[in-house]
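A.B. asks: Before I ask anything, here is the structure I am working with.
The values are calculated or read from the model by the stated rules, or taken from the named source; none is laboratory data. Note that the structure is a prediction, hence the values are computed from the model and not measured. Don't worry about glycine lacking a Cβ; one is built from the backbone with ideal geometry, like all the others, and counts go over all protein chains shown.
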Amino acid sequence: MSSRQTPGLSKDETDERIKQALYYLTRVVQDMGIPRNIRRAASEAVRVLMDPNMSPGLKASTVISILDEALADPNMPLF
């Protein structure tokens, strides 16, 4: 297993999960009904997931951190 692969998942499975995450995050970015700070965080997450220099594990932890920080905002409206 290479160091750029998520343990337990094949490269194809990892790529498919990243592709799925990109699809949903892009939908969030394009939805003007979602608060701007969430769309901004989703946009940053898309940039991270598209970075070819990052390992899948680093991408996952970075994206989780970005989204967690945005969702923890006390000014975030509840839907």
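A.B. asks: Can you name the number of the only condition in (1) closer than 24 Å to E69 by Cα; (2) at pLDDT 90 or above that D15 fails?
C.D. replies: The number of the failed condition is (1).
A.B. asks: Looking for something touching a Leu at 6+ places or on another chain (Cβ under 8 Å) and assigned to a helix (DSSP H, G or I) - is there at least one such residue anywhere in the range 58-73? Break it down into steps so the answer makes sense when it comes.
C.D. replies: Initial filter on the range 58-73 (touching a Leu at 6+ places or on another chain (Cβ under 8 Å)): 59, 63.
Imposing the further condition that a residue be assigned to a helix (DSSP H, G or I) reduces the set to 59, 63.
Yes: one or more hits.
A.B. asks: Is there a residue in the range 8-15 that is out of contact with any Leu (no Cβ under 7 Å at 6 or more places or on another chain) and at positive phi?
C.D. replies: Of the residues in the range 8-15, the ones out of contact with any Leu (no Cβ under 7 Å at 6 or more places or on another chain) are 8-15.
This time we only want the ones that are at positive phi, so: 8.
Yes, the range 8-15 has at least one match.
A.B. asks: Let me ask something else. Give the residue, chosen from A42, A72, that is crowded, with 18+ Cβ neighbours inside 10 Å and either of a type outside the set (S, T, Y) or closer than 18 Å to R17 by Cβ (or both).
C.D. replies: Working: A72 fails: crowded, with 18+ Cβ neighbours inside 10 Å.
Checking each option against the conditions leaves just A42.
A.B. asks: Another question, then. Would you confirm whether or not the range 48-69 contains a residue that is among the hydrophobic types (A, V, I, L, M, F, W, C) and modelled with pLDDT under 90? Give the derivation first.
C.D. replies: Of the residues in the range 48-69, the ones among the hydrophobic types (A, V, I, L, M, F, W, C) are 48-50, 54, 58, 60, 63-64, 66-67.
From the residues that got through so far, the ones that are modelled with pLDDT under 90 too are none.
Checking the range 48-69: not a single residue is among the hydrophobic types (A, V, I, L, M, F, W, C) and modelled with pLDDT under 90.
A.B. asks: Show the residue pairs meeting these rules: Cβ distance below 8 Å; 6+ apart or different chains; first residue within the range 37-58 and without any contact (Cβ under 8 Å) to a residue 24 or more places away in the chain; second residue of a type in the set (D, E) and assigned to a loop (DSSP other than H, G, I, E, B).
C.D. replies: R39/D31
A.B. asks: Could you please let me know if R27 is more than 8 Å from the chain's Cα centre (by Cα) and surrounded by 12 or more Cβ atoms within 10 Å (Cβ to Cβ)?
C.D. replies: On the way: more than 8 Å from the chain's Cα centre (by Cα): yes; surrounded by 12 or more Cβ atoms within 10 Å (Cβ to Cβ): no.
It is false that R27 is more than 8 Å from the chain's Cα centre (by Cα) and surrounded by 12 or more Cβ atoms within 10 Å (Cβ to Cβ).
A.B. asks: Scan the range 19-26 and tell me whether some residue there is at pLDDT 95 or above and in a loop (DSSP other than H, G, I, E, B).
C.D. replies: We begin by selecting, within the range 19-26, every residue at pLDDT 95 or above; these are 19-26.
Cutting the leftovers down to in a loop (DSSP other than H, G, I, E, B) gives us none.
Looking through the range 19-26, none of the residues is at pLDDT 95 or above and in a loop (DSSP other than H, G, I, E, B).
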